[in-house]
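*Asks:* Sharing a structure below in structure tokens format, with a few things to ask.
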Amino acid sequence: MEQSFLQRLRGARPRLAAKARMQTDKVSGEPVLLYPEGVILLNGPSAAITQLCDGTRSFSTILNELAELYHTTPGQLENDVSAYIFKLYQQSLVELVGERGSES
């Protein structure tokens with residue numbers, strides 16, 4: 001993951017792109033992320049992260065909520081959570097709202 005992305009992420013509120021939405025799979029009952037080109041099956045942590053990327057929570061708030069959910073510290077989660085959000089960002093499935101120095 002690029003260090004510059006992590007800096008941008010720390011000053012933003014991640015949200016799903018307009019083309020992506022979370023839904024429960026009708027067959028398996030598991031959460032999935034749907035987008036025009038495909039579907040991503042979400043396990044516990046990825047579903048929790050994706051659900052928190054709603055554009056209202058800062059990255060630090062997301063880390064704090066996940067740390068409470070998984071009984072750990074935000075620092076222990078930062079690398080994994082930022083790497084997951086970066087993968088979604090690379091696929092244009094997540095946008096960074098309100099970046100410092102940005103008008104969004």
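The values are calculated or read from the model by the stated rules, or taken from the named source; none is laboratory data. Remember, it's a predicted structure, so these values are computed and weren't measured experimentally. When we count neighbours, we look across all protein chains shown, and the Cβ atoms used for this are built from the backbone with ideal geometry, even at glycine. With ligands, DNA and RNA removed, areas are computed over all heavy atoms of the protein, side chains included. Shrake-Rupley method; radii C 1.70, N 1.55, O 1.52, S 1.80 Å.
*Asks:* Which of the residues that make up segment 33-56 are outside any helix (DSSP H, G or I), farther than 18 Å from Leu6 by Cα, touching a strand residue (DSSP E or B) at 6+ places or on another chain (Cβ under 6 Å) and open to solvent by less than 60 Å² (accessible area, probe 1.4 Å)?
*Replies:* Result: Leu33, Leu34, Ile40, Leu42.
*Asks:* In segment 10-56, which residues are among the charged types (D, E, K, R), touching a residue at least 24 places away in the same chain (Cβ under 8 Å) and either out of contact with any helix residue (DSSP H, G or I) (no Cβ under 8 Å at 6 or more places or on another chain) or over 19 Å from Glu95 (Cβ atoms) (or both)?
*Replies:* Arg15, Lys19, Asp54, listed by residue number.
*Asks:* If you check Phe59 against the conditions, is it under 15 Å from the mean Cα position of the chain (by Cα), surrounded by fewer than 18 Cβ atoms within 10 Å (Cβ to Cβ) and aromatic (Phe, Trp, Tyr)?
*Replies:* No; evaluated as a whole, the condition is false for this residue.
*Asks:* Check off (1) over 26 Å from Lys19 (Cα atoms); (2) open to solvent by 40 Å² or more (accessible area, probe 1.4 Å) for Gln91 and give me the number that stays unchecked.
*Replies:* Every condition holds for Gln91 apart from (1).
*Asks:* So is Ser60 in contact with a Phe, Trp or Tyr (Cβ under 7 Å, 6 or more places away or on another chain), among the hydroxyl-bearing types (Ser, Thr, Tyr), at pLDDT 95 or above and closer than 25 Å to Gly98 by Cα or not?
*Replies:* No; evaluated as a whole, the condition is false for this residue.
*Asks:* Can you tell me how many residues in segment 1-24 are of a type outside the set (Lys, Arg), open to solvent by 50 Å² or more (accessible area, probe 1.4 Å) and not in a helix (DSSP H, G or I)?
*Replies:* Within segment 1-24, residues that are of a type outside the set (Lys, Arg), open to solvent by 50 Å² or more (accessible area, probe 1.4 Å) and not in a helix (DSSP H, G or I) number 6.
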